[in-house]
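All remarks here apply to the structure that follows.
The values are calculated or read from the model by the stated rules, or taken from the named source; none is laboratory data. As the structure is a computational prediction, the values presented were derived from the model and not from experiment. Every residue, glycine as well, gets a Cβ built from its backbone with ideal geometry; the counts of neighbours run over all protein chains shown.
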Amino acid sequence: MNELQYRVNLVVQVFQSALAVATGLVGLWLVFSQTDDLVGWGAPELLAVMGVHIAMGGVIQMVIEPNMAKLMDDVRRGTLDYVLTKPADSQALVSMREVRIWSFVDVVVGAIVLGVAVVNLERSVGWIDAAGFAAALLLGAIMIYCFWLILTTTAFRLVRVENILELFQGVYQAGRWPVAIYPFWLRTSLTFLVPLAFAITVPAESLTSRLTPGTFVLASSFTAALLIVTRIVWRVGLRYYSGASA
């Protein structure tokens, strides 16, 4: 209801999404005007990576980022008490309070780009590939959520950490390309430190029949471990919170 009061935001979001797609296509055109493939990835396959990148960015901006931003603000102002005193799990509540519905445009645009990529692939996408893609996409979204929450809990100690939002947006742009193009140290960082490889490259690998069982098992194991670590970090972080009523 809040978002419907500002419906012009839909027009702005559509423009931003179209601009992002146009910028990405220009980048792909520049690359393939000089070579036939990029570390073994052809044009339709890189288009699939771009589609996942746009769609995942929509999920982040629609659900994850607004909730984390509100959590930072509540910690700074001491108003997290309203959540902590409710008879429900506090982590679940802070993770589902805000939804920016217009960011769903990015999810739709990403899906369209993915559809175009799939149509232009040399090989057909089977049910196994589709199921692997859906599972990898879900695991990637969970990992990004965990990463965001771990970063946000630093607000319990540092209080003002709003710059994290801008920092992540800058790092997220690295996910526009397959992580294989980066040097080993950066590839490792984008896999286990900032899990963009699991969130973007791995789902694209599934659609392009590049995903191996070992990679999927690693992604699943890392997601489970990250969920446990995130829960522990959240519980420890709450010990350092001083609310308005403290």
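General remarks:
- Count of segment 6-51 residues, restricted to those that are small (Gly, Ala, Ser), in contact with a helix residue (DSSP H, G or I) (Cβ under 7 Å, 6 or more places away or on another chain) and farther than 30 Å from Val99 by Cα, is 1.
- Pairs meeting the criteria (first residue in segment 50-62 and of a type in the set (S, T, N, Q), second residue part of a helix (DSSP H, G or I) and buried (at least 22 other Cβ atoms within 10 Å of the Cβ), beta carbons under 8 Å, at least 6 apart or on different chains) are Gln61/Ser103; Gln61/Asp106.
- Filter result for Ala131 (part of a helix (DSSP H, G or I), under 19 Å from Leu207 (Cα atoms) and either among the acidic types (Asp, Glu) or in contact (Cβ under 8 Å) with a residue 60 or more places away in the chain (or both)): no
- Some residue of segment 41-58 being modelled with pLDDT of 85 or more and outside any helix (DSSP H, G or I): yes
- Single residue of segment 87-126 satisfying the filter (among the acidic types (Asp, Glu) and either closer than 21 Å to Gly58 by Cβ or touching a residue at least 60 places away in the same chain (Cβ under 8 Å) (or both)) that is surrounded by the most Cβ atoms within 10 Å (Cβ to Cβ): Asp106
- Residue match in segment 200-216 (condition: part of a helix (DSSP H, G or I), exposed (fewer than 12 other Cβ atoms within 10 Å of the Cβ) and among the hydrophobic types (A, V, I, L, M, F, W, C)): no
- Output for segment 81-120, where each listed residue is outside any helix (DSSP H, G or I) and touching a helix residue (DSSP H, G or I) at 6+ places or on another chain (Cβ under 8 Å): Lys86, Met96, Arg97, Glu98, Val99, Arg100
- Residue within segment 7-23 that is in a loop (DSSP other than H, G, I, E, B) and either hydroxyl-bearing (Ser, Thr, Tyr) or loosely packed, with under 10 Cβ neighbours inside 10 Å (or both) present: yes
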